[in-house]
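The values are calculated or read from the model by the stated rules, or taken from the named source; none is laboratory data. Just so we're clear, the structure is a prediction, and the values are computed from it rather than from any experiment. Don't worry about glycine lacking a Cβ; one is built from the backbone with ideal geometry, like all the others, and counts go over all protein chains shown. These accessible areas exclude ligands, DNA and RNA; they are computed on the full protein's heavy atoms, side chains included. Shrake-Rupley method; radii C 1.70, N 1.55, O 1.52, S 1.80 Å.
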Amino acid sequence: MMNDSPKLSHTGTVPLETERLNLRRMSVSDAPQMFENWANDPEVTKFMLWDAHKGVVASEERLALWEGQYSEPDFYQWGIEIKETGQLIGTASVVNMRAAHLSCELGWCIGRRFWNRGITSEAVAAVIKHLFNNAGFNRIAAHHFADNTASGRVMQKTGMTFEGISRQCDYMAKLGGFVDVACYAVCKSDYPK
């Protein structure tokens with residue numbers, strides 16, 4: 001019996017462009033900007049599964065890991081760069097993929113100086129559009145810790161629908177213990193062509 005289920009058409013981390021942003025691959029040479037613009041800030045990493053970088057070496061190590069993965073067609077990790085200044089201010093990525101089900105989860109992080117400007121929504125919308133139209137995903141989800149309402153607003157602005165709260169489903173010592181997680185998602189059938 002042949003398996004005729006749909007398959008993804010992986011593109012890897014290809015350049016994406018929006019009105020204000022370039023989404024691009026990153027390299028170790030981006031470490032000073034990564035460290036300075038977001039990775040060293042405990043406020044930025046408060047809701048992340050990783051802690052703020054203590055020095056630029058930690059940013060170099062992370063970027064070296066990603067550089068090595070860019071050759072993989074199913075690796076999606078973009079740096080968010082402001083077109084006008086060329087400044088790298090954060091990331092957007094596929095953080096969990098279920099290829100057999102054409103679904104994935106997104107994650108993102110940008111520097112505090114760039115919050116509340118619509119930049120994250122602009123970047124995430126470009127990633128969603130690419131993953132639906134070029135990579136063949138059917139469902140794209142994102143989660144946020146219940147106290148991180150700013151991420152929930154990004155999810156809403158990018159067309160995702162609130163699906164519910166998973167109560168006390170993650171343990172985060174830096175947030176004081178077990179935390180509730182909100183889930184949002186958008187399906188290709190919901191997405192404008």
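Normalised by 2.2 N^0.38 Å, with N the number of residues, the alpha-carbon radius of gyration of region 1-91 equals 1.29.
Over region 91-130, the ratio between the Cα radius of gyration and 2.2 N^0.38 Å evaluates to 1.32. Relative to the current alpha-carbon distance between ASN116 and LYS46, full extension at 0.36 nm per residue lengthens the span by 23.5 nm.
Order LYS46, LYS129, LYS7, LYS54, most accessible first, counting only protein heavy atoms with a 1.4 angstrom probe.
Values: LYS46 80, LYS129 115, LYS7 135, LYS54 190 Å².
Descending accessible area places them as LYS54, LYS7, LYS129, LYS46.
Kindly sort SER103, SER71 by accessible area of their heavy atoms, largest first, with the probe set to 1.4 Å.
Descending accessible area places them as SER71, SER103.
Rounded to whole numbers, the Karplus 3J(HN,Hα) couplings from phi for region 141-155 are 10, 8, 10, 9, 5, 3, 6, 8, 5, 4, 5, x, 5, 4, 4 Hz, using 6.51 cos²θ - 1.76 cosθ + 1.60 with θ = phi - 60°, and x at Gly and Pro.
Distance distribution P(r), region 97-193, all Cα-Cα pairs, bin width 5 angstrom from 0: 3, 13, 23, 22, 19, 14, 6, 2, 0 percent. Note: region 40-118, Cα convex hull, 130 Å³ per residue. Calculated mean residue ellipticity, 222 nm, the chain: -6000 deg cm²/dmol, from DSSP H runs (n ≥ 4) at -39500 (n - 2.57) each, averaged per residue and rounded to 500. When +1 charges are put on Lys and Arg Cβ atoms and -1 charges on Asp and Glu Cβ atoms, the dipole computed for region 42-89 relative to its Cα centre reaches about 180 debye.
Look at where the Cα atoms of region 40-86 and of region 111-190 average out, and the two centres are 18 Å apart.
Using only alpha-carbon positions in region 121-161, the gyration tensor eigenvalues give semi-axes of 20, 10, 7 Å once each is multiplied by 5 and square-rooted (largest first). Sorting HIS10, HIS130 by accessible area puts them as HIS10, HIS130; the probe is 1.4 Å, largest comes first, and only protein heavy atoms count.
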